[in-house]
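First comes the structure, then the notes that go with it.
The values are calculated or read from the model by the stated rules, or taken from the named source; none is laboratory data. All figures in this text were calculated on a predicted structure; none of them were measured in a lab. Reconstructed Cβ throughout: ideal geometry from the backbone, glycine too, with neighbour counts over all protein chains shown. For the accessible areas, the whole protein counts, side chains as well, though only heavy atoms, and no ligand, DNA or RNA atoms are used. Shrake-Rupley method; radii C 1.70, N 1.55, O 1.52, S 1.80 Å.
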Protein chains: 2
Amino acid sequence: MIQHVDDLRNFIRTVPNFPKPGILFRDITPLLAEPAALRLAVERLADAIRDRNPQFLAAAEARGFLFAAPLALQLNVGLIPIRKPGKLPSATITHSYSLEYGTDTLQMHRDDLPKGARVVVVDDLLATGGTVEACCRLVEKAGGQVVGCAFVIELTELKGAQRLEMFHPVSLLQFEGE
Amino acid sequence: MIQHVDDLRNFIRTVPNFPKPGILFRDITPLLAEPAALRLAVERLADAIRDRNPQFLAAAEARGFLFAAPLALQLNVGLIPIRKPGKLPSATITHSYSLEYGTDTLQMHRDDLPKGARVVVVDDLLATGGTVEACCRLVEKAGGQVVGCAFVIELTELKGAQRLEMFHPVSLLQFEGE
């Protein structure tokens with residue numbers, strides 16, 4: 001079977017009932033396994049955010065790293081990793097945020113960003129936007145300016161793009177709950 | 001201060017006493033923040049493993065993803081993510097291994113690799129080699145053939161390269177305990 005690389009949807013696998021019953025999980029691993037598809041996704045993300053003139057990308061572990069690292073090279077900008085607590089060795093800034101059940105916490109290095117640096121936050125998937133919003137707040141606490149956020153996949157029903165409107169969200173592929 | 005990009009050591013920060021007293025942590029975040037340095041690291045990793053003729057790279061979350069993703073594009077090969085339990089949505093293969101204290105478990109998708117596929121395992125740092133050895137075992141359980149493993153940093157005192165000798169380890173930067 002020939003899969004047309006220029007339709008990146010062919011490289012997203014839908015897995016029903018993961019991580020729990022009733023959820024359709026959009027799986028990016030087929031896209032990662034085909035370098036022409038990964039390259040195209042990275043090029044399209046670059047095209048989508050280039051006019052935001054980012055000086056840095058920021059991305060949260062783990063899946064965000066898979067797209068942010070090649071995208072940083074494509075755009076020739078620095079990459080700031082955002083991590084779970086206890087992973088970054090130098091002085092950090094911390095932001096905690098609410099999840100559906102409980103809270104989660106993310107950290108970035110305190111001195112990574114020049115004051116006012118233009119930052120685009122990158123992740124593989126936009127759902128409710130909670131994690132990305134937390135990343136944006138971290139960047140702001142660190143003195144950066146969030147000028148955009150970019151996703152491979154957007155789950156439109158969860159209205160994350162509305163929540164993140166002030167951060168100019170863009171996505172390559174939109175999925176409804178179908 | 002001008003930092004010479006061609007000496008990648010200039011972009012590794014040593015943080016003493018992290019994650020615990022007496023440990024010198026080699027921090028890759030300055031390298032990530034400078035795209036010329038990240039690009040050079042990726043190009044040198046590609047040069048170091050190209051003659052192993054990999055068809056896929058495999059990398060464990062989270063820091064391994066930062067190098068494996070751009071390296072997969074540089075070599076034009078697929079990328080197989082190796083993850084903590086419960087993260088991959090489809091049928092998985094699991095491997096548990098011993099750490100200094102306790103055990104850890106990694107998973108990859110069962111059907112990611114064609115039988116006999118040539119795989120290079122990539123990570124940011126080689127310490128004792130326990131995690132990378134677990135990744136190699138996973139690839140073998142999945143029917144792949146580990147033809148190499150590649151690291152940005154090697155902590156030579158911990159003798160991971162000897163442990164992984166059968167997997168042809170290569171590293172860009174070697175650090176003793178200094």
| remark: Counting only residues in the range B:51-77 that are charged (D, E, K, R) and at the interface with chain A (Cβ under 10 Å from one of its Cβ atoms), the one surrounded by the most Cβ atoms within 10 Å (Cβ to Cβ) is identified as B:ARG63
| note | B:HIS4 meets each of (1) more than 27 Å from A:LYS84 (Cα to Cα); (2) touching a Cys at 6+ places or on another chain (Cβ under 6 Å) with one exception, condition (2)
| Within the range A:140-148, can one find any residue that is more than 28 Å from A:ASP6 (Cα to Cα) and acidic (Asp, Glu)? | yes
| message | Could you check the range B:88-99 and list, in sequence order, the residues that are outside any strand (DSSP E or B) and either more than 9 Å from chain A (Cβ to nearest Cβ) or among the hydrophobic types (A, V, I, L, M, F, W, C) (or both)? | response | B:LEU88, B:ALA91, B:LEU99
| query | Looking at (1) more than 15 Å from the chain's Cα centre (by Cα); (2) more than 10 Å from chain A (Cβ to nearest Cβ), which is the one condition that is false for B:ALA46? | reply | (1)
| In the range B:20-35, what count of residues is obtained for those that are within 16 Å of A:LEU71 (Cβ to Cβ) and either surrounded by fewer than 23 Cβ atoms within 10 Å (Cβ to Cβ) or more than 9 Å from every other protein chain (Cβ to nearest Cβ) (or both)? | 3
| field | Lone unmet requirement of (1) closer than 14 Å to A:ALA59 by Cα; (2) open to solvent by 30 Å² or more (accessible area, probe 1.4 Å); (3) not in a strand (DSSP E or B) for A:LEU125 | value | (3)
| task | For B:ARG39, state whether it is of a type in the set (D, E, K, R), within 11 Å of chain A (Cβ to nearest Cβ) and in contact with a helix residue (DSSP H, G or I) (Cβ under 6 Å, 6 or more places away or on another chain). | result | yes
| said: For the range A:78-87, give me each residue that is facing chain B (nearest Cβ under 9 Å) and either buried (at least 24 other Cβ atoms within 10 Å of the Cβ) or assigned to a strand (DSSP E or B) (or both). | reply: A:GLY78, A:LEU79, A:ILE80, A:PRO81, A:ARG83
| note | Of the listed residues (B:ASP112, B:ASP51), the one being of a type outside the set (S, T, N, Q), at pLDDT below 95 and over 17 Å from the mean Cα position of the chain (by Cα) is B:ASP112
| task | Tell me which of these B:ARG137 doesn't satisfy, since it passes every other one: (1) within 29 Å of A:LYS20 (Cβ to Cβ); (2) free of Cβ contacts under 8 Å to residues at least 60 places away in the same chain. | result | (1)
| said: For the range B:100-109, check the following and say yes or no: at least one residue is more than 8 Å from chain A (Cβ to nearest Cβ), within 19 Å of B:PHE167 (Cβ to Cβ) and surrounded by 19 or more Cβ atoms within 10 Å (Cβ to Cβ). | reply: yes
| query | Among the residues of the range A:82-105, is there at least one that is at pLDDT 95 or above and under 19 Å from A:ILE49 (Cβ atoms)? | reply | yes
| Yes/no for B:PHE56 being in contact with a Pro (Cβ under 8 Å, 6 or more places away or on another chain) and either among the aromatic types (Phe, Trp, Tyr) or in contact (Cβ under 8 Å) with a residue 24 or more places away in the chain (or both) | no
